[in-house]
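Heads up, the thing below is written out as structure tokens.
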Amino acid sequence: MTLEQKVGQLFMTGMPANNYDQATFDAIEKYQVGSIILTGRSNLSIPEMKVITDKLQGLAPANRRLLISCDQEGGNVQVLQGTGFSEMPNGLIQGSWAPEKLQEEAKNWGSELSTAGINFDLAPVADQVLSADFAPQNAPIGYWSRQYAYDKANIVSHADAFSKGMKSAGVLTTAKHFPGLGAVTGNTDISAGVRDSQTNPKSESVQIFKELISSGVPSIMTATAIYDQIDPELPGAFSPKMVDGLLRNQLGFDGLVITDDLSNAVQVQAWSPGQRAVLALAARNDLVLANEPTQIPEMISEVLQKAKSDQGFAEKINQASSRVMKVKEQMKLVE
């Protein structure tokens, strides 16, 4: 692959789940972006959704098909809600089921996604909310009951069951949001300066991800909160200490690492779109999630410029694109 083709594989950009968007088409055709996230909410049926995903796949080269994703967790966070898609309960309800039941349900939900042409579910939520009392103040997770449980064992068993069920239906999953969003009060999507003063490399919330890595989770999403005891200077997804140091080296994760959204999240607005992409890839994320396709030209331009002038960064691009392509090969998206 050319450098431009490699860099394109490192981006996932958005398109409304109920509509076409020319900026998304341009991202695929002009900038060779290799992954799409369907955003918002959709009441389209499974066959109607398949028309959209087929159209998207038709824009990509046959030897590099798209990862097409959405947030299909359950409860308040379920993008696809049309005819044929089950109504999924929230995380706490899923967490009350036996893991075997959740695995079976996740297989069914995954089959719905797969039939609609969705091959990547940005779930399960593996965050550990501090307590039931704290949950209403935990804006991103607990307030919405997105968590499976409050104890490590049940979070691990249910996140693992969800992943395995989806995998059996041919759908990739990502455990999120490393190293945990269960101790914050702000939501990085709508607030700046969201910090976690408690989580450290030995915290239970980190050990949850360590156990999921041991059980074979294929992908992990990095959060953009700032973790004072890991790296007080940078949002997590931008931090080499957190991504390369803690996740890659200490926990030994060599799978696919995707950022949380770097387009619209208020937490990262102090950096230009191009800086966000460069920082995320320099920290050793593999996939930059950028919901807003109009930011793709600037992001890719700056990444290309950096790769051409910095050999160490160029090597990270090679490693990241290899990881993305390895996943696509396993999913038969590469001819």
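Here are some notes:
- Pair list, Cβ < 6 Å and 6+ apart or interchain, from segment 80-97 residues that are touching a residue at least 12 places away in the same chain (Cβ under 8 Å) to residues that are surrounded by 16 or more Cβ atoms within 10 Å (Cβ to Cβ) and among the aliphatic types (A, V, I, L, M): G82/L44; G84/I46; G91/V125; Q94/L102; G95/A149
- Elements of the type helices (runs of 4 or more DSSP H) sitting completely within segment 231-335 and holding at least 2 residues that are in contact (Cβ under 8 Å) with a residue 40 or more places away in the chain, under 27 Å from G193 (Cα atoms) and not small (G, A, S): these cover 273-282, 296-309.
- Segment 262-272: number of residues that are surrounded by 23 or more Cβ atoms within 10 Å (Cβ to Cβ) and in contact with a strand residue (DSSP E or B) (Cβ under 8 Å, 6 or more places away or on another chain): 3
- Selection from segment 191-240 of residues that are touching an Asp or Glu at 6+ places or on another chain (Cβ under 8 Å), over 23 Å from R323 (Cα atoms) and surrounded by 19 or more Cβ atoms within 10 Å (Cβ to Cβ): D196, S205, A225, I226, Y227
- Residue count for segment 142-166, restricted to those that are surrounded by fewer than 24 Cβ atoms within 10 Å (Cβ to Cβ) and in a loop (DSSP other than H, G, I, E, B): 4.
- Residue match in segment 267-287 (condition: polar (S, T, N, Q), touching an Asp or Glu at 6+ places or on another chain (Cβ under 6 Å) and over 17 Å from S322 (Cα atoms)): no
- Verdict on S191 being outside any loop (DSSP other than H, G, I, E, B), of a type outside the set (D, E, K, R) and touching a residue at least 24 places away in the same chain (Cβ under 8 Å): no
- Residue match in segment 124-132 (condition: part of a loop (DSSP other than H, G, I, E, B) and under 24 Å from K50 (Cα atoms)): yes
- From the list T2, T13, T39, the lone residue that is among the β-branched types (V, I, T), more than 25 Å from E87 (Cβ to Cβ) and touching a strand residue (DSSP E or B) at 6+ places or on another chain (Cβ under 9 Å) is T13.
Each value in this text was obtained by applying a stated rule to the coordinates, not by laboratory testing. These numbers come from a predicted model, not from an experiment. Methodologically, a virtual Cβ is constructed for each residue, glycine included, from the backbone with ideal geometry; neighbour enumeration extends over all protein chains shown.
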